[in-house]
Amino acid sequence: YDLMNDLMSLGVHRLWKEALLDWMAPRPNQTLADLAGGTGDIAIRFLKRGGQFAHIIDINEKMINEGRRRKGIDKIGHRLAWVIGDAQAIPLGNNSVDRVTIAFGLRNVPDRILALRQIVRILKPGGRFCCLEFSHVKNSLLSELYDRWSYDVLPKLGKIVAGDANSYKYLVESIRKFPSQSELCTMMADAGFSQIKVKTLSGGIATIHSGWKLD
């Protein structure tokens, strides 16, 4: 999974994740809930950046188990909670975390408004949500190159590396169907977020949406 992320993005996904953490600016007293947290990539970065504790929540038990086996995870294991759970019914209490993230996972949630409302529910007043997701490229030349890479190369990479071309065909299709930046901003506002901002990455290949729970 991690190897495919590197190959698909030519390693750029690491820079996008660092940009997410830069914008979030973790602090020593903060607790994070990372949804669709997979193998713990974002949560571990959060702790290394100074965060206090992180809940890694993913619906896929195999991903959670892979994360638990990460090299060196035992050194910070007491600051992590691995939870099998659905973003549409987050297994955390109301007003319980300072920050919520979801990186390349909101695209796969069937009811995104429900998930966004769940995020508002678990955030403390003054808490912040950051969503890193693939988006829509606006530059015509970059868009053409990106389409060729997505439709022609990614499924072949998936077949060679992961033995699964169909999942990566779905990935490409789901990116194209994902809401635009402005549409996702509207969805976040409808769910109860305030002070919503967007940071465009790599010409629109990815974006970070940020929103706050003010009360």
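A few notes on this one:
- Amide H contacts under 5 Å for GLY127, placed H, 5+ residues apart: LYS213
- Apportionment of accessible area to carbon and sulfur, the chain, percent (1.4 Å): 52 percent
- Calculated FRET efficiency for the pair GLU18/ILE196, C-beta based, R₀ 25 Å, to 0.05: 0.70
- Debye log10 I(q)/I(0) at q = 0.13, 0.14, 0.22, 0.28 Å⁻¹ for segment 34-85, Cα point scatterers: -0.24, -0.27, -0.69, -1.11
- Using equal-weight Cα scatterers in the Debye expression, the normalised intensity of the chain in log10 at q = 0.11, 0.13 Å⁻¹ is -0.51, -0.73.
- For ASP164 and ARG148, the difference between the fully extended length at 0.36 nm per residue and the C-alpha to C-alpha distance is 3.9 nm.
- Relative contact order, percent, the chain [alpha-carbon distance under 8 Å, six or more residues apart]: 19 percent
- One decimal place: the segment HIS78-HIS136 gains 17.0 nm when fully extended, by the rule 0.36 nm per residue minus the C-alpha distance.
- Multiplying the residue separation of THR186 and LEU214 by 0.36 nm and removing their Cα-Cα distance gives an extension gain of 8.4 nm.
- In summary, the aspartates and glutamates within cross-link reach of LYS75, defined as a Cα separation below 17 angstrom excluding same-chain residues under 8 places away, comprise ASP41, GLU66.
- Of all DSSP beta bridges confined to the chain, the antiparallel ones make up roughly 45%.
The values are calculated or read from the model by the stated rules, or taken from the named source; none is laboratory data. Values in this document were obtained by computation on a predicted structure and should not be read as measured data. Neighbour counts are summed over all protein chains in view; Cβ atoms, including those assigned to glycine, are modelled from backbone coordinates with ideal geometry. Calculation scope for accessible area: heavy atoms of the full protein, side chains included, ligands and nucleic acids excluded. Shrake-Rupley method; radii C 1.70, N 1.55, O 1.52, S 1.80 Å.
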